[in-house]
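Quick notes on the structure that follows.
The values are calculated or read from the model by the stated rules, or taken from the named source; none is laboratory data. These numbers were taken from a predicted model, which means no experiment stands behind them. Methodologically, a virtual Cβ is constructed for each residue, glycine included, from the backbone with ideal geometry; neighbour enumeration extends over all protein chains shown. Side chains included, ligands, DNA and RNA excluded: accessible areas come from the protein's heavy atoms. Shrake-Rupley method; radii C 1.70, N 1.55, O 1.52, S 1.80 Å.
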Amino acid sequence: MNFIKLGDYNQMTVTKTVDFGVYLDGGEEGEVLLPARYVPEGCKVGDKLDVFVYLDNEERLVATTQTPLAKVGDFAYLEATWVNEYGAFLNWGLMKDLFCPFREQKMKMEKGKSYIVFVLIDNESHRIVASAKVEHFLDMSFPPYNHGDEVDLLIWQKTDLGFKVIIDNRYPGLVYSNQIFKNIHTGDRMKGYIDLVREDGKIDVMLQPTGWRMTKTLGDAILEYLENNGGVCLLTDKSPAEDIYNQFQVSKKNYKKAIGDLYKRRIISLEEGRLILLKGRKK
């Protein structure tokens, strides 16, 4: 018996074709319509399709081959497209906007502004809704990370200490201001690296890898720059930190480590006011 995951992706079998689309086998939920605009060319009865299932304006199950910006269980940064006396409606990439009732808003949402929300199925109405009360849906159990682990980050909100982040669509974390060497904004998605898991389970995150991975990553960037600029770079360990950041988006400390590694490996030479790519290393 098929079990439909509402607000998620499902593989469903075509049972019938009609002028306005095709019907898919929804098991005990009955047939689910995939409107004609989303039906793949050449689709026929018996084909299996990967579709996203949600509710239409009349609260009936409907399928789409569109890819939403978030599914049930996801945190996302979504824009409010309109607001009425019941709540706000957010653009999540589908024909029907995602509803965020007033009770799930931390502050009254405004049309044209974007918010970090969690997508869930409401226990009372059984509809797919959004909640801006993000803290209620974060996993507060002790995280399984070690120093240096690579993770996916969603930038959540700015604080006096830095930026709160959501790690791997699950855990809360913090990037301290002195670890940020590029412009970041709420809603940005990027890779991050675990710095420290504290005894209370709170997580400190870095935006750049440490140790050999940082040296290797930045070293590759410096080599690419040298190869594209005649084998010469005018940024040395004596250059202003701001100039180094503007070119490579890293701290001066990490830049010095990377060029030191390249020098030890005899890939570059250090001259007054410049780095030189050694002969045989240029393109």
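Quick rundown of the values:
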| item | result |
| --- | --- |
| Selection count where residues are hydroxyl-bearing (Ser, Thr, Tyr) and touching a Ser or Thr at 6+ places or on another chain (Cβ under 9 Å), scope segment 58-112 | 1 |
| Filtered residues of segment 46-60 (kept if at pLDDT 95 or above, open to solvent by 70 Å² or more (accessible area, probe 1.4 Å) and not acidic (Asp, Glu)) | Lys48 |
| Residue in segment 23-38 that is assigned to a loop (DSSP other than H, G, I, E, B) and at pLDDT 95 or above present | no |
| Test for Thr13: is it open to solvent by 80 Å² or more (accessible area, probe 1.4 Å), at negative phi and of a type outside the set (Phe, Trp, Tyr) | no |
| Positions within segment 24-45 being more than 25 Å from Asp122 (Cβ to Cβ) and surrounded by fewer than 14 Cβ atoms within 10 Å (Cβ to Cβ), in sequence order | Ala36, Arg37, Pro40, Glu41, Gly42, Lys44, Val45 |
| Counted residues, segment 44-76 - those being in contact with a Phe, Trp or Tyr (Cβ under 8 Å, 6 or more places away or on another chain), of a type in the set (S, T, N, Q) and not in a strand (DSSP E or B) | 3 |
| Flag for Leu154 being among the hydrophobic types (A, V, I, L, M, F, W, C), within 15 Å of the chain's Cα centre (by Cα), closer than 17 Å to Phe75 by Cα and at pLDDT 95 or above | yes |
| Number of positions in segment 93-125 that are among the hydrophobic types (A, V, I, L, M, F, W, C), under 19 Å from the mean Cα position of the chain (by Cα) and exposed (fewer than 13 other Cβ atoms within 10 Å of the Cβ) | 0 |
| The one condition in (1) open to solvent by 10 Å² or more (accessible area, probe 1.4 Å); (2) free of Cβ contacts under 8 Å to residues at least 40 places away in the same chain; (3) touching a Ser or Thr at 6+ places or on another chain (Cβ under 7 Å) that Pro172 fails to fulfil | (3) |
| Filter result for Gly21 (over 30 Å from Gly187 (Cβ atoms), out of contact with any Phe, Trp or Tyr (no Cβ under 9 Å at 6 or more places or on another chain), small (Gly, Ala, Ser) and open to solvent by less than 40 Å² (accessible area, probe 1.4 Å)) | no |
| Residue check for Asn183: open to solvent by 60 Å² or more (accessible area, probe 1.4 Å) and in contact (Cβ under 8 Å) with a residue 40 or more places away in the chain | no |
| Residue count, segment 252-283 (criterion: surrounded by fewer than 17 Cβ atoms within 10 Å (Cβ to Cβ), under 15 Å from Leu218 (Cβ atoms) and touching a helix residue (DSSP H, G or I) at 6+ places or on another chain (Cβ under 7 Å)) | 0 |
